[in-house]
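Each value in this text was obtained by applying a stated rule to the coordinates, not by laboratory testing. All values reported here derive from a predicted model rather than from experimental measurement. With ideal geometry, Cβ positions are generated from the backbone for all residues, glycine too; neighbour counts draw on all protein chains shown.
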Amino acid sequence: MENTLLKIEGMDCNSCAISITKTLEKKGLQNVRVNYVNGDVSFLNKEALPLAEIEKNIENLGYRVVSQAAQKNINKTKRFFKNHWQRFIVCLIFSLPLFIGHIVHIQWLMQPLLQLSLATVVYLIGIGYFGKSAVKSLLNKYPNMNVLITLGTTAAYGYSLYGLLIGKAHEFMFFETTATTITLVFLGNYLEERTSAQTQTELQKLLKSQITKATMIAFDDQYQEQLFEVDSKDLKVGDLVLIKSGEKVPADCKILWGNGTIDESIITGESIPIEKKEKETLIGGSIVNDGAFKAQVSAAGNDTVLAQIITMIQNAQSEKPPMQLLADKISAVFVPAVIAIAILTLIINQFVFHVSFSESLIRAVAVLVISCPCAMGLATPAAIAVGLGRASKNGVLFKDSTSLEKFKHIKQIVFDKTGTLTTGAFNIQQFSATIDENEFKKIVYSLEKFSNHPIASAISNEWKQKEEIKWNKIDEIKGLGMQATDKDGNHYTATSFKGVITLTQDHTHNIYITKNKNLIGWIDVKDEIRPEAKPVILWLHSKNIKTILLSGDKKEKCERVAKTLGIDEVYAEQTPADKIAFIAKLNASVPTAMVGDGINDAPALAKASLGISLAQASQLAIQSAQVVLMRNGLDKLPFAMGIGKHTYITIQENLFWALIYNVVAIPVAAVGLLGHYGPTYGALIMGLSDVVLAINSIKLRFKKVY
């Protein structure tokens, strides 16, 4: 069952996210993830609740659902105010006369009825937005930040109106406090939206890359080619498309005809164009730099590589790392605590320090307005959004946000050899057979074509046959190789030395071929060490990170590779079960990362503190890993570690400033240090506090991380 994704408008802070999460969980929905920064809400609906009922529950909290199901109804309703910028501009027009009148003391602007009229317009706009959300959040027992804004501005407005009604308007004149506070909160919300949106830049680029037109190829009744344009979202597996120079690849495809160069930087971060020819694959979202292709769609819609990457990033953004859980606990009690502090401020100022009721009320309102639960909630998701975005732009994918934080704990990294430290581009060096050479090659090809192992792929490509054996049954045994049975009941294997240890003492070859438990030949292949492997190992050593080679290959070959690269320890001839046990032992002592690419690496990748897979790895390895290096090699491993570490540092900085802001700002407002215009200054400072955190997060897009 897939997660359902909704888009929500109106979330201002982490309290909003918590209230939506708790409401949906009460309804029986599972795996609820709410990201108030980008408005995404996802959940698993195992109870099969109607989507309309779920949307109604969210809207009852005071938020707007902008899902496909709700879009038709929303579009029928024309809203007067579409965003915070429009609300701010209208409120500013009515607030400026009030503010100027108090600053410059222009008599006609100080007329009580004029003040009431101007302030009422702003108050109604504010209550229409903040008040509605506040009331619904209180009814659902999850008070949000809008409760604070509503209480503060209503107290100032009600106090001023009371003074007007009893004929003492000039002694109770706080209409400008109401209007300017609401106006500046709208400005703060607008600035927060703008700066938070910038943290989503890289994800938005990926989303735009999904939206494209496609030239589809069809045939008329005379079998003549016909071309017509369709949306990429309407393509299906098997459709034929024509992709010309300068166009985006509309979906994942296999090239049937043509050649040229492709820019895959949106996926891999690699800016150098890649040569593509017949039978190779094209990734949806990449761009044809030069040439033209006729291709068949191999994956479309949510099954494309780009769509899966976007889903991976969105899921990672919605994940809550350990540091966020503390912020959530604080946010859950923040609003009630601030209300209590505001009431105490009013009581203590008036009855203990004998401050006038008017001044005591202003200080209490300032406390309500200046406090900022948003800052606590924004600290983590803003930094994670930027970190994940920069990582994806550079060809590194994190499946969850916790992986970003894990990198800072890693003290040692375990590497597989074949296809990880080496290129995996094998060539047959020599072979020997006790049967006819052509028959031997046919047997080997028929076995190895079913394996994804780099050695098997190299052999099957080099010995490709028109004729092959049709197997009754064929299986891949992890850590050993392939086994198959033909229609006559003959049993064949292509295995490592462990599979023929009872048949020969010669352990110097890569692949051994048997028929009915008799050795009929062997094959040796050669492999090259990746050119970037040694610089990466040297960099890891410079950071005091221990390196270990863990492989199923022969000891002599593993030791030769380790010596060339300077790897600290070598453990060769390990089965998948051996690898799991070894990784578990390492994890018990210090946090350990594992880098691998094969099927036999998948269990160890899942067992490691942090599993890292290469993009060209087997699908099982990619699924088991938490981090995927999209470029063809290890060169982005230092970047992945660096962006993880600095994202964590940014989260720490954001949480520190958010906490310090509230610890300092609330007492300052409570003791009256902000003066007569405390609520006004408080509203401005509150809005800017979120902007500061967002800007600090955006800084992560440019800073050097390794």
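Charge dipole (Cα centre; +1 on Lys/Arg Cβ, -1 on Asp/Glu Cβ; no other charges) of the chain amounts to roughly 1400 debye. Label points 7 Å out from Cα along the Cβ direction at Gln296 and Ile343: separation in nm? Result: 7.2 nm between the two label points. Length, then width, then depth: along the principal axes, the Cα atoms of region 212-302 run 43, 26, 20 Å.
Which entries of Lys46/Lys329; Lys579/Lys645; Lys393/Lys704; Lys7/Lys248; Lys248/Lys294 show an alpha-carbon separation above 23 angstrom in the structure shown? With Cα atoms farther than 23 Å apart: Lys46/Lys329; Lys579/Lys645; Lys7/Lys248. Taken over region 557-609, the alpha-carbon convex hull comes to 85 cubic angstrom per residue. Each label point was placed 7 Å from the Cα along the Cα-to-Cβ direction; for Thr120 and Glu229 their separation is 5.4 nm. Where in region 209-233 does the label zone of Trp257 land, with the point 7 angstrom along Cα→C-beta and an amide N cut-off under 15 Å? Residues 216-220, 223-228 qualify, since their backbone N sits under 15 Å from the label point.
May I ask you to list the trypsin sites (Lys or Arg not before Pro) in region 421-480 that are in a DSSP loop and have at most 10 other Cβ atoms within 10 Å of their Cβ? Answer by residue number: Lys466, Lys470. Projecting the Cα atoms of Leu187, Ala391, Ala640 onto the charge dipole of the chain, computed from C-beta unit charges around the Cα centre, puts Leu187 farthest toward the positive end.
Fewest-first ordering of Thr575, Thr178, Thr304 by other beta carbons within 10 Å of each residue's beta carbon gives Thr575, Thr304, Thr178.
By the count of neighbouring beta-carbon atoms within 10 Å, fewest first, Phe426, Phe186 end up ordered Phe426, Phe186.
Label-to-label distance for Thr485 and Ile166 is 9.7 nm, based on points extended 7 Å past Cα in the beta-carbon direction. In units of the rule-of-thumb radius 2.2 N^0.38 Å, region 427-526 shows an alpha carbon radius of gyration of 0.96. Using a Cα-Cα cut-off of under 17 Å, which aspartates and glutamates could be cross-linked to Lys408, ignoring same-chain neighbours fewer than 8 residues away? Of all the aspartates and glutamates, those that pass the test against Lys408 - Cα under 17 Å, at least 8 places apart if same chain - are Asp400, Glu653. Under the classification rounded if a/c is under 1.5, otherwise prolate if a/b is larger than b/c and oblate if not, where does region 649-706 fall, given a ≥ b ≥ c as square roots of the Cα gyration tensor eigenvalues? Prolate is the answer for region 649-706, as a/c is 1.5 or above and a/b outweighs b/c.
Computed from backbone phi with θ = phi - 60° and the Karplus coefficients 6.51, -1.76 and 1.60, the 3J(HN,Hα) list for region 493-499 is 9, 10, 9, 7, 4, 4, x Hz; x is used for glycine and proline.
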